[in-house]
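Taking it in order: structure first as structure tokens, then the write-up.
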Amino acid sequence: MTSRRDEIRQRIMASTAIVDAGFATPCWLWTLADSGTGRGGGYPRMKLNSRTVAAHKVSFVNEYGFVPGNKQIDHKCRNRLCVNPDHLEMVSHGENQKRRDRAARERKVEGALP
């Protein structure tokens, strides 16, 4: 008999493309629906128990356990569509914002280079 965790992991893997995006290990990029292009958009979405949920959070919780309400899941690889649990980390809102801002500054500097 397959466990619920195994079923969820199989659903996630069936909906991803494994891509070397330059991080330490390959990203598992979500290939199905996402949250769109608006503010806070671009995150993977999936149905679970008849509810639409963030697939990266499902992947994290499935592997590591509960995420308290005062925590967020950060993409260490900086790719919102990645659902590889090894690329996800539970952090505070403040830490998530610091990392986002640092990554934006780094992209800006890289764009300024010849």
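What to note about this one:
- Cα long-axis angle, helix 55-64 against the chain (0 to 90 degrees, to the nearest 10): 70 degrees
- Atom-type composition of the exposed protein surface of the chain places 52 percent of the accessible area on carbon and sulfur (1.4 angstrom probe).
- The long axis of helix 93-112 is offset from the longest Cα principal axis of the chain by roughly 50 degrees.
- Cα→Cβ-extended label distance, 7 Å offset, between Glu106 and Thr25, nm: 1.9 nm
- Solvent-accessible heavy-atom area per residue, rounded to whole Å², over the chain at 1.4 Å: 66 Å²
- The charge dipole of the chain, taken about the Cα centre with unit charges on the Cβ atoms of Lys, Arg (+1) and Asp, Glu (-1), comes to about 400 debye, rounded to the nearest 20.
- Shape call, the range 1-78: gyration tensor on alpha carbons, a/c limit 1.5: rounded
- A probe of 1.4 angstrom, applied to the heavy atoms of all protein chains, finds Val19 with accessible area near 50 square angstrom.
- At a Cβ-Cβ separation cutoff of 4.7 angstrom, cysteine residues of the chain with no neighbouring cysteine are Cys77.
- Cα gyration tensor shape of the range 63-114, rounded if a/c is under 1.5, else prolate or oblate by comparing a/b with b/c: oblate
- Across Leu32, Leu81, Leu48, the residue with the most accessible area heads the list, and the full order at a 1.4 Å probe is Leu32, Leu81, Leu48.
- Spatial separation of Cα centroids for the range 86-101 and the range 27-61, in angstrom: 17 Å
- Full-extension gain in nm, Val53 to Met13, via 0.36 nm per residue minus C-alpha separation: 12.8 nm
- Put a dot 7 Å past the Cα of Val91, heading toward its Cβ, do the same for Asn70, and the two dots end up 1.8 nm apart.
- Lysines with Cα under 21 Å of Lys57, excluding same-chain neighbours fewer than 8 positions away: Lys47, Lys71, Lys76, Lys98
The values are calculated or read from the model by the stated rules, or taken from the named source; none is laboratory data. On a predicted model such as this, the values are computed, not experimentally measured, just so you know. Please note: Cβ atoms are built from the backbone with ideal geometry, for glycine as well, and neighbour counts cover all protein chains shown. To get the accessible areas, we keep the full protein, side chains included, count just its heavy atoms, and leave off ligands, DNA and RNA. Shrake-Rupley method; radii C 1.70, N 1.55, O 1.52, S 1.80 Å.
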